[in-house]
1. So if I check each of GLY251, GLY229, GLY246, which one is within 20 Å of GLY289 (Cα to Cα), modelled with pLDDT of 95 or more and surrounded by fewer than 21 Cβ atoms within 10 Å (Cβ to Cβ)?
2. Against the condition under 28 Å from the mean Cα position of the chain (by Cα) and farther than 22 Å from GLN68 by Cα, how does ALA119 come out, does it pass?
3. Any idea which of (1) under 19 Å from GLY177 (Cα atoms); (2) surrounded by fewer than 18 Cβ atoms within 10 Å (Cβ to Cβ); (3) in contact with a Ser or Thr (Cβ under 8 Å, 6 or more places away or on another chain) is the one MET152 doesn't satisfy?
4. Here's a check for you: in segment 208-226, which residue that is touching a residue at least 24 places away in the same chain (Cβ under 8 Å) and in a strand (DSSP E or B) is surrounded by the most Cβ atoms within 10 Å (Cβ to Cβ)?
5. Is it the case that VAL197 is crowded, with 16+ Cβ neighbours inside 10 Å, without any contact (Cβ under 8 Å) to a residue 60 or more places away in the chain, β-branched (Val, Ile, Thr) and more than 30 Å from ALA39 (Cα to Cα)?
6. Which of the residues that make up segment 123-158 are assigned to a helix (DSSP H, G or I), out of contact with any helix residue (DSSP H, G or I) (no Cβ under 7 Å at 6 or more places or on another chain) and polar (S, T, N, Q)?
7. Which of the residues spanning segment 172-194 are under 11 Å from the mean Cα position of the chain (by Cα) and either outside any loop (DSSP other than H, G, I, E, B) or touching a residue at least 60 places away in the same chain (Cβ under 8 Å) (or both)?
8. Can you list the helices (runs of 4 or more DSSP H) found entirely within segment 45-122 that contain at least 1 residues being in contact (Cβ under 8 Å) with a residue 24 or more places away in the chain, out of contact with any Ser or Thr (no Cβ under 9 Å at 6 or more places or on another chain) and crowded, with 21+ Cβ neighbours inside 10 Å?
Amino acid sequence: MRSMICAALTLLALPVLADPLPSWNDTDTKERIIGFVDAVTDPAGDDFVPAADRIAVFDNDGTLWAEQPVYFQLIYAMDRLAQADPATLTTPALEAAAAGDMAGVMAEGEEGILQVIDATHAGMSVEAFQADVAEWLATSTHAQTDMAYTDMTYQPMVELLRYLRDEGFVTYIVSGGGVHFIRAFAEDAYGIPPRQVIGSQLESEYRVTDAGAEIVKSPGVVFIDDKEGKPIAIDRIIGARPILAGGNSAGDFAMLEWTTAGDGPRLGLLVHHTDGERAFAYDRDSHVGRLERGLDEGPGRGWVIVDMAQDWSRIWTAPPE
């Protein structure tokens, strides 16, 4: 009897490990993620990966925060054009953007979107642009949810980023969005510093004026960090193949494909937007964040498909009501 009591007391004295992913339901998805992290961080295991090689990359729009009805960076640009001098609205896309006509902007295609981006991003120093983005994020709300945009980050993904860093990973954002736009909020929202944000880039130039030396954003695109551009950017900037990649759309397929094609343990993760009640449901036919090939081929490639409705007990980082 004494030995049984001692054993029970010993068990009671054992520390209770906190759940690293509390907003994830106890599904196979969560089990696979934790199992992967356990395997690559166990020095005694066959799948151990040294901390220097524990690199994880994530898309932003639709993966770490929402992207409906369109990318938030485009909404920012349209809001800024609404305040512009009408004389500067020289194209149908600019006129539509200033009027808040989202359908009109989209009807002008990629060229029209780039006109809107150029008109609202170019001519500003990087510091001034990022300060303007931060001010917009602090004062603007989403038309459908009435939430601040930075409250529309996904709490389960924020937890995943934190969990990975706690386990010795370095986390990067690799996004089709503008690099300076994302750098304006990534550290506060995700704990990812600006130097670990990779994104699309406009032209820029170095200027020395009475205000000092600065980098000024200019019209024109240098690099679109999307589709096959993502692994290229990772190779150029990080210089190593990640062991974990997370995305949500066709624009992320090549990044996951390249990541999981490497030697040793690898994990690809796709966020599938199945929750139309708490968030937005879309995949194959969406005008943004279209997910088709990943759904068809991902399971066969061993990728984890995150079912938002089933796998997440909570969606937003905003405090639950």
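The values are calculated or read from the model by the stated rules, or taken from the named source; none is laboratory data. The structure presented is a predicted model; accordingly, all values stated were derived computationally and were not measured. Neighbour counts run over all protein chains shown; Cβ positions are idealised from the backbone, glycine included.
1. The unique qualifying residue is GLY229.
2. yes
3. (2)
4. My answer is LYS217.
5. Against the criterion (crowded, with 16+ Cβ neighbours inside 10 Å, without any contact (Cβ under 8 Å) to a residue 60 or more places away in the chain, β-branched (Val, Ile, Thr) and more than 30 Å from ALA39 (Cα to Cα)), VAL197 does not qualify.
6. The answer is THR139, GLN155.
7. If the condition is that a residue be under 11 Å from the mean Cα position of the chain (by Cα) and either outside any loop (DSSP other than H, G, I, E, B) or touching a residue at least 60 places away in the same chain (Cβ under 8 Å) (or both), then TYR172, ILE173, VAL174, SER175, GLY176, GLY177, ILE182, ALA186, ALA189, TYR190 are the ones that fit.
8. In segment 45-122, the matching helices (runs of 4 or more DSSP H) lie at 72-81, 102-107, 109-121.
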